[in-house]
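Peer 1: Here it is, the structure, as C-alpha cells.
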Amino acid sequence: MTAGLVLTDLRAVVFDVGETLVDESRAWSEQARVAGVTPFSLMAAIGSVISQGRDHRDAWALLGAAPPDSVPDIGRGDLYPDALECLRAVGQAGLVVGVAGNQPSGAEVALTTAGVHVDFVAASATWGVAKPSLAFFRRVVAETQADPHRVFYVGDRLDNDIRPARAAGLRTAWLRRGPWAYLQQPHADEVRPDIELRDLTQLTEVLKRSTGGR
C-alpha cells in the first residue's frame, strides 16, 4: 500500500461500523446471555452460517433460540484501539471523514458519545436503506458531496461492503479482521479491493506520512 494509492484524487473516506471501528465481541456475548445460550455457542453458530454464505441472523435458528429484542449499546470501550487515531488521520489529511453502516436507530448518538467525531455518522435505520443495497452507497456518496470514484469505503465484509460499494462506483479498502474477513474469500474471477488492510494502523501511517506527521 502506498500513499499515492490511498490519496490520489480522493475526497472522502467512509468507514463501516461493526468489526471495522467497533469490536462486536461484547455485544454478541451480551446477546447470547439474554437469549440463554453461551457466547461460545453463538460465535460458533455465526461462523457456521457465514461459512455457508447465509445471513448471520440464521445463527439463532440453528441454535433453536429466539433473537433478543434489545440491541446492545456501543461504548468507548467497544472501539478498536486503532479506530479513533485513524479517523483523526483521515481528517488531518484534508479528507471528508464519514461513518455509515447497518446499525439501529440511536447508533449515531452512541458513536459520537464514544468519541467518534467526524463529518457525518449515519445508521441504516435512520436512512431507511441498508447494505448491500446500492441505494445505501449512493446515499454515502451524497453525504460526502464527492464523485463516487473519489470516495473510499472501508469495511470488513465482501458481501455487504466491498462488492456493493465497488458496484456503486466507490473505491474500496477491505479490512481483514472479524469473522466475515476470515471466512469470506474473493471469487477467483472478481476484481480485488483497491487495498487490503490488516488493521487501521496501516491506513493511519500512510495518512500521517502524507500530511507530514501532523
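The values are calculated or read from the model by the stated rules, or taken from the named source; none is laboratory data. For clarity, every value in this text was computed on a predicted model and none was experimentally measured. FYI the Cβ positions are ideal-geometry reconstructions off the backbone, even for glycines, and counts take in every protein chain you see.
Peer 1: Tell me, yes or no, whether the range 65-80 has at least one residue that is among the β-branched types (Val, Ile, Thr) and within 22 Å of Thr172 (Cβ to Cβ).
Peer 2: Narrowing the range 65-80 to residues among the β-branched types (Val, Ile, Thr): 71, 74.
Filter once more, so that each one left must be within 22 Å of Thr172 (Cβ to Cβ): none.
Checked against the condition, which is being among the β-branched types (Val, Ile, Thr) and within 22 Å of Thr172 (Cβ to Cβ), the range 65-80 yields no hits at all.
Peer 1: Among the residues of the range 115-169, count how many are over 14 Å from the mean Cα position of the chain (by Cα) and assigned to a helix (DSSP H, G or I). Step through it out loud before you land on a result.
Peer 2: First, the residues of the range 115-169 that are over 14 Å from the mean Cα position of the chain (by Cα): 115, 117-120, 125-129, 133-135, 138-139, 141-151, 166-169.
Going one step further and asking which of them are assigned to a helix (DSSP H, G or I), we end up with 125-127, 134-135, 138-139, 141-144, 148-150, 166-167.
Residues flagged as over 14 Å from the mean Cα position of the chain (by Cα) and assigned to a helix (DSSP H, G or I) within the range 115-169 amount to 16.
Peer 1: Considering Thr172, Thr112, which residue is under 30 Å from Pro68 (Cα atoms), without any contact (Cβ under 8 Å) to a residue 24 or more places away in the chain and outside any loop (DSSP other than H, G, I, E, B)?
Peer 2: On the way: Thr172 fails: under 30 Å from Pro68 (Cα atoms).
None of the others qualify; the one that does is Thr112.
Peer 1: Here's something else I'd like to know. Count, please, the residues in the range 60-98 that happen to be within 20 Å of Thr144 (Cα to Cα), within 17 Å of the chain's Cα centre (by Cα) and not in a helix (DSSP H, G or I).
Peer 2: Residues that pass the stated criteria total 3.
Peer 1: Just wondering, is there one or more residues in the range 88-96 that are among the charged types (D, E, K, R), in the same structural domain as Ile162 (by TED's automatic domain parsing) and touching a helix residue (DSSP H, G or I) at 6+ places or on another chain (Cβ under 9 Å)? Steps first, answer last, please.
Peer 2: So the first thing to find is which residues in the range 88-96 are among the charged types (D, E, K, R), and the list is 88.
Next cut, in the same structural domain as Ile162 (by TED's automatic domain parsing) only: 88.
After this cut, where a residue has to be touching a helix residue (DSSP H, G or I) at 6+ places or on another chain (Cβ under 9 Å) as well, the list is 88.
Yes; the residues of the range 88-96 include at least one that is among the charged types (D, E, K, R), in the same structural domain as Ile162 (by TED's automatic domain parsing) and touching a helix residue (DSSP H, G or I) at 6+ places or on another chain (Cβ under 9 Å).
Peer 1: Next up: Identify, please: which residue in the range 1-55 is hydroxyl-bearing (Ser, Thr, Tyr) and either modelled with pLDDT under 95 or in a helix (DSSP H, G or I) (or both) and is, among those, nearest to Gln92 (Cα to Cα)?
Peer 2: It comes out as Thr8.
Peer 1: Let me ask something else. Scanning for something out of contact with any strand residue (DSSP E or B) (no Cβ under 7 Å at 6 or more places or on another chain) and at pLDDT 95 or above, does the range 100-108 turn up at least one residue?
Peer 2: Yes, the range 100-108 contains at least one residue that is out of contact with any strand residue (DSSP E or B) (no Cβ under 7 Å at 6 or more places or on another chain) and at pLDDT 95 or above.
Peer 1: Ala188 - would you say it is surrounded by fewer than 22 Cβ atoms within 10 Å (Cβ to Cβ), part of a loop (DSSP other than H, G, I, E, B) and of a type in the set (A, V, I, L, M)?
Peer 2: Yes: the conditions hold for Ala188.
Peer 1: Any idea how many residues of the range 50-62 are in contact with a helix residue (DSSP H, G or I) (Cβ under 6 Å, 6 or more places away or on another chain), free of Cβ contacts under 8 Å to residues at least 40 places away in the same chain and either farther than 13 Å from Trp28 by Cβ or assigned by TED's automatic domain parsing to the domain that holds Leu183 (or both)?
Peer 2: So the count comes out to 2.
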